[in-house]
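**Q** What follows is a structure written as structure tokens; I'll ask about it next.
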Amino acid sequence: AGLFSAVTTTFIIESYKLMLPDYTELTFRAMITNASYAASLLESFETPRSARAVNCVWITSLVLSLSAALIAIMGKDWIAMYPTQPTHSLRKWAAVRHFRFSCVSRWHMPGVIASAPILLHLSLLLFAVGLVIFFIPIDFFTAILSTVLTATLALLYAITALSPVV
């Protein structure tokens, strides 16, 4: 999850630039035209929909990935705090163990811990979808290739996830 989050962050750093005006282009235009017209160039900039979509999808992917990492760390901490061997009298150990077990049940910890891989899978899927959206305005062939690869990966994932059920 940590490595995936680092990779996703790198892509977000690059893609968010698509949401900003190209100041090099604006400077060039300002040098060609008069200075009063340059201000209207900046005001007329509108973030492309594909750039907004890519950033929304990748930021969601990053948040899900970091959530999975946080759940994994918290789960490890919970397990480490759960006593397996008596450290005090048996009566006190049993009381502490029962208290912690009731907390584990009340907070649905098995379900919370089981959600970490699901969050990571969703994060990876969103990243792949964002990659497809990212390439659509840049290069059609690359967009098609990334779409085919993403769809193939999603199909293989669905087959392997559902085959034990069938």
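Every number in this text was worked out from the coordinates using simple rules, so none of it is lab data. Small disclaimer: the values here were computed from a predicted structure and weren't measured. So basically every Cβ, Gly included, is an ideal-geometry build from the backbone, and we count neighbours across all protein chains shown.
**Q** Tell me which residues, restricted to the range 126-164, are in a helix (DSSP H, G or I) and exposed (fewer than 13 other Cβ atoms within 10 Å of the Cβ).
**A** Those that are in a helix (DSSP H, G or I) and exposed (fewer than 13 other Cβ atoms within 10 Å of the Cβ): Phe140, Phe141, Val148, Ala151, Thr152, Leu155, Leu156, Ala158, Ile159, Thr160, Ala161, Leu162.
**Q** Within the range 106-119, can one find any residue that is out of contact with any Lys or Arg (no Cβ under 7 Å at 6 or more places or on another chain), over 26 Å from Ile79 (Cβ atoms) and hydroxyl-bearing (Ser, Thr, Tyr)?
**A** Filtering the range 106-119 for residues out of contact with any Lys or Arg (no Cβ under 7 Å at 6 or more places or on another chain) gives 106-119.
Okay, now just the ones that are also over 26 Å from Ile79 (Cβ atoms), so none.
For the range 106-119, residues out of contact with any Lys or Arg (no Cβ under 7 Å at 6 or more places or on another chain), over 26 Å from Ile79 (Cβ atoms) and hydroxyl-bearing (Ser, Thr, Tyr): absent.
**Q** Among what's in the range 124-162 and is of a type in the set (Ser, Thr, Tyr) and under 25 Å from Thr9 (Cβ atoms), pick the residue that is nearest to the chain's Cα centre (by Cα).
**A** Taking the candidates together, the pick is Thr150.
**Q** Still on this structure: Restricting to the range 53-98, what's the tally of residues that are among the aromatic types (Phe, Trp, Tyr), part of a helix (DSSP H, G or I) and under 35 Å from the mean Cα position of the chain (by Cα)? It would help to see each step written out before you state the result.
**A** Taking the range 53-98 as the starting set, the residues that turn out to be among the aromatic types (Phe, Trp, Tyr) are 58, 78, 82, 93.
From what is left, the residues that are part of a helix (DSSP H, G or I) are 58, 78, 93.
Now restrict to residues that are under 35 Å from the mean Cα position of the chain (by Cα): 58, 78.
Adding up the residues that qualify gives 2.
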